[in-house]
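Input: a single structure, listed below in structure tokens.
Please treat every number below as a calculation from the coordinates, not as lab data. Nothing here was measured: the structure is a model prediction, and the numbers come from that model. Ideal geometry is used to build each Cβ from the backbone, glycine not excepted, and the neighbour counts take in all protein chains shown.
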Amino acid sequence: MFTVQQIAETLGAEAAGDLSLEIQRAAEPGDATGSDLALAMSPKYADALSGGQARVAILWPDADWQALGLSAAIFAPRPRMAMAGVTGLLDKGQGVAPGIHPSAVIDPSAELAGDVSVGPLAVIGARVRIGAGSVIGPQCTIGMDAVLGEGAYLRDHVSIGARVTIGDRFIAQPGARIGADGFSFVTPEVSAAENARKTMGDAGDARAQSWLRIHSLGAVEIGDDVEIGANSTIDNGTIRNTRIGSGTKLDNLVHVGHNTRTGTDCLLCGHTGVSGSVEIGNNVVLGGMCGVVDNIFIGDGVVAGGGSKILSNVPAGRVIMGYPAIKMDSHTEIYKTQRRLPRLARDVEMLKKAVSKPDPSD
Amino acid sequence: MFTVQQIAETLGAEAAGDLSLEIQRAAEPGDATGSDLALAMSPKYADALSGGQARVAILWPDADWQALGLSAAIFAPRPRMAMAGVTGLLDKGQGVAPGIHPSAVIDPSAELAGDVSVGPLAVIGARVRIGAGSVIGPQCTIGMDAVLGEGAYLRDHVSIGARVTIGDRFIAQPGARIGADGFSFVTPEVSAAENARKTMGDAGDARAQSWLRIHSLGAVEIGDDVEIGANSTIDNGTIRNTRIGSGTKLDNLVHVGHNTRTGTDCLLCGHTGVSGSVEIGNNVVLGGMCGVVDNIFIGDGVVAGGGSKILSNVPAGRVIMGYPAIKMDSHTEIYKTQRRLPRLARDVEMLKKAVSKPDPSD
Amino acid sequence: MFTVQQIAETLGAEAAGDLSLEIQRAAEPGDATGSDLALAMSPKYADALSGGQARVAILWPDADWQALGLSAAIFAPRPRMAMAGVTGLLDKGQGVAPGIHPSAVIDPSAELAGDVSVGPLAVIGARVRIGAGSVIGPQCTIGMDAVLGEGAYLRDHVSIGARVTIGDRFIAQPGARIGADGFSFVTPEVSAAENARKTMGDAGDARAQSWLRIHSLGAVEIGDDVEIGANSTIDNGTIRNTRIGSGTKLDNLVHVGHNTRTGTDCLLCGHTGVSGSVEIGNNVVLGGMCGVVDNIFIGDGVVAGGGSKILSNVPAGRVIMGYPAIKMDSHTEIYKTQRRLPRLARDVEMLKKAVSKPDPSD
């Protein structure tokens, strides 16, 4: 329960009307009841707002809140920024009780800060260290010698492998796997796949062979303010650590391969997969279902549209799309021509006839 | 153990021969032993059936069961419908014992119907309600205030987040995650990715910024007769609930983003990913590895071929394919021309020479 | 702790210098300290090696180890083979303690070989059999009647369904799901999706219908020396078993559908999805994010580039790429022409004008 004034102060936003009104939860403009905060940051919500029962709303700047029938209003110049503030304030969480649940299995050598909460049936290994204010959800496993900073928040069923190190304010959604072994195998002699990659198409005469496993001796190293989505996976490095830079966020079902390093403040959207030994710069955004081949680099500030398959190095600042990914505007131009392809083919047929016809004396 | 007569009655199918014969399990025609029910719903299985030891089989209509050497037969006009009936009858399940396993951790305020089974090491939160006849598998976590209808069947390691509501006859495969937080972040000022989306290719001069988190205050709301595949993820809505309509089925490793709503009786096949705030109609089929961009709609009855990346609204009834997805027949026509592209390019070169040649006086 | 001599013997490699030196861990050439084994199998690492503090290194054949300032060296003709040996030797593992953790829930009818280790909070069902030397990680669930061979190594949160059978030396990464139910549904009458597949684009006039479930009576059958990646899923067969051949390795977030059979020594890279009833030969390599439509075959030794969507049968030995996948060299040729498409379209426009112009008397 917060007053309008408390919410406005949290957002650093201006407010008007009865600032002592109390808010229970946020709601869409048409669903809001008298104790809700209606979220109506654009004039397009004005009608829905009038149709609902809201007495308080967050509005676009300069909105005429009284004409909208409200008793109080907060004004938000950048709507999604206001959403960040309001939702952070009103989040009811998942209900992990304070303290250590008696069913959790915690190695006596683990060092948990005094106020750490651990949910039912979590497993915490030898010499693990967990910083102040952290919440470890039910069913999580944290492997030996792993280190988590302050304010970690793990939902349920999260795996943190042995020797993984993580900074402050880490968030992991259910089923995130940090520190699985890398996918790294070798055949005794050169394999068909190696030949095909080298020649771009010829498997050569490699004989059938079995795969030998290269173990992962490295771990995963994660900066501050990182969030990992549900059922996403980050593999251990082979010798050095795989690394996720501070401020980087991974959506659900994202995979980051062994040895790969991302910079700071990147977004990797749902189902994106990054192979091993990739270097990703800062502020890179990979849309949903992007794929990145191994052993390349992606420069700072690159933005890749959804579904892009990135098969070669990408210079900083480039906006790309496609399979294989190229500059987005080139991709769009090619794509438009492609849709005219059947007509183009007919034109060429016609031209061939026209060009061969003019000289009937041949 | 069922008699031929019991199976035929369950299927509502005609049968012939010794209807009192008892069946232990179903088998492929060539593998079937004397106590098995051979599944041979098409004449192409006749030889394999004769080669096996089956005494009872499900056959195509009007099959001459005696000539096939059988003692009894059931006749199936639509084979896969018969498969639904037979496999439902003979499924041996996963063996969760009746009752509550003593190792499960159940909040005293949770309300479970009298005949609910809970497997070992499951965690059930405060005020959770679970309907009659439900089976909660080992290692599942059900968050506070979640509601499951009657006849729920959860395999192991399933996550149900706080405040999720689910109808009757829900099925969740291992590792399904319902109610992870949505992937929603905002930068203080306009970001490069926002610019690139608006201009379709130009990142503009946005400076590097960090991401602020928009929390998910909504939950997930699921209708009746829904099934969610192994390791699939459905995220909470931001304000309103994410919604899965009755009768909709998700395959493994499928992702449904925050705020998205699917209609009834949809199929989302393996690895398909739907972004946030998408409206999907009824009876929509998305093949494997489809991707859907955020904030679009997909009309009733749309069918998308495997691998489609859907980047704009799709009207009802359309059959689509490709990246970006377009009408399947246009895609096929473009694709066929594409394969002739290298020859087309050579033709154009030739034409250019032919057209420039005729006038040697230039 | 191993001596240089022990490591060289394990690798079957030649060594020189002080073979009694002891090694704590492996390191990259620039990071190595005096007790590390620097991995510098190519001359390109020579500078980094000189800049580090390594006294022992694995080097390329004929390297002048003394000139590099080393006290001892091991020589590796095929670097990644040496990596397999060295990393296997130095892997510190995840620290599951020997014996059965008291918090594990094991059915009294399960038969575990005497030296099997079981981590905290694992669940092992009725009549399960587990071979000698196996390690079952924390939070794993093994369903009734499942069989694991000798030397199994399961990380945490792994699901093994009822009736699954697995050979020797099996490795499963966190969250792997073996034996989920197949994704198999049928409508009472022919559905729009069936029509669209048959006609390649026409949904016909099928009415909206609900889906009936076909249960999975089969299980999963896995050979020897198989590894399954984090959060990957392999579904049960409908009647017969889904099968993974010996020596085959699956990366993270890979899906294998019901009834599908892979041969021996295949690699399925990250995010690859194989539909149901696919027959995959031996020594097949599917790059990252490959998709395979149902009911086709892929011959021995096929190599598919990352992102390929395989929509029809592929003969043995072929190297393929694209959506839909075709021979890689054809794909590359088409792709190159595609990039010239906008220019080609302009050329054709010019030609049309040129061809219509020559005859001004029309």
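As a proxy for reagent exposure, ranking C:E227, C:E111 by other Cβ atoms within 10 Å from fewest up yields C:E111, C:E227.
Where a ≥ b ≥ c are the square roots of the eigenvalues of the C-alpha gyration tensor, would you call chain B rounded, which needs a/c under 1.5, or, failing that, prolate if a/b is larger than b/c, or oblate? Judged from the Cα gyration tensor, chain B comes out oblate (a/c at least 1.5, b/c at or above a/b).
With neighbours defined as other Cβ atoms within 10 Å of a residue's Cβ, the residues A:T165, A:T332, B:T87, A:T262 order from fewest to most as A:T332, A:T165, B:T87, A:T262.
For the range A:2-90, taking Cα atoms only, Rg and Dmax work out to 11.0, 29 Å respectively. Counting only other chain Cβ atoms within 10 Å of each residue's Cβ, the peptide B:185-197 averages 6. Computed about the Cα centre, the dipole magnitude for the range B:2-90 is approximately 220 debye when only Lys and Arg (+1) and Asp and Glu (-1) carry charge, each at its Cβ.
The distance linking the range B:49-75 with the range A:77-130 is 61 Å (Cα centroid to Cα centroid, whole angstrom).
Specify the inter-centroid distance of the range C:240-286 and the range B:303-345, based on alpha-carbon positions, in whole Å. For the range C:240-286 versus the range B:303-345, the Cα centre distance is 28 Å. Label-to-label distances for A:S42 across copies, nearest first, come out at 5.0, 5.0 nm, using points 7 Å from Cα in the beta-carbon direction. Per-residue mean of foreign Cβ neighbours for B:324-337 is 4 (Cβ atoms of other chains, 10 Å radius). With the Cα gyration tensor of the range C:243-282 giving a ≥ b ≥ c as the square roots of its eigenvalues, does the rule (a/c under 1.5 for rounded; else a/b larger than b/c for prolate; else oblate) give rounded, prolate or oblate? Since a/c reaches 1.5 but b/c is at least a/b, the shape of the range C:243-282 is classed as oblate. Place a +1 charge on the Cβ of each Lys and Arg in the range C:128-227 and a -1 charge on the Cβ of each Asp and Glu, then give the dipole magnitude about the Cα centre in debye, rounded to the nearest 20. Dipole size: approximately 240 debye. For the peptide A:76-87, the mean number of other protein chain Cβ atoms found within 10 angstrom of a residue's Cβ is 5.
Comparing C:P120, C:G247, C:L217 along the charge dipole axis of chain C, the residue lying farthest to the positive side is C:L217, per the Cβ-charge model. The ranking of C:H271, C:H258, C:H331 by Cβ neighbour count inside 10 Å, starting from the fewest, reads C:H331, C:H258, C:H271.
Placing +1 on each Lys and Arg Cβ and -1 on each Asp and Glu Cβ, with no other charges, gives the protein assembly as shown a dipole about its Cα centre of roughly 2680 debye. When the C-alpha to C-alpha distance is required to be over 29 Å, the pairs from C:K44/C:K249; B:K309/C:K198; A:K327/C:K327; C:K198/C:K327; A:K352/B:K309; C:K327/C:K353 that qualify are C:K44/C:K249; A:K352/B:K309; C:K327/C:K353. Averaging 1/r over every pair of different alpha carbons in the protein assembly as shown and inverting the result gives a Kirkwood radius of 30.9 Å.
Put simply, when B:41-53, A:64-76, B:175-187 are sorted by average Cβ atoms within 10 angstrom per residue, most first, you get B:175-187, A:64-76, B:41-53. Between copies, B:A208 shows label-point distances of 5.1, 5.1 nm, shortest first, with the point placed 7 angstrom from Cα along Cα to C-beta. Inter-copy label distances at C:S312, shortest first and taken from points set 7 Å along Cα to Cβ: 2.9, 2.9 nm.
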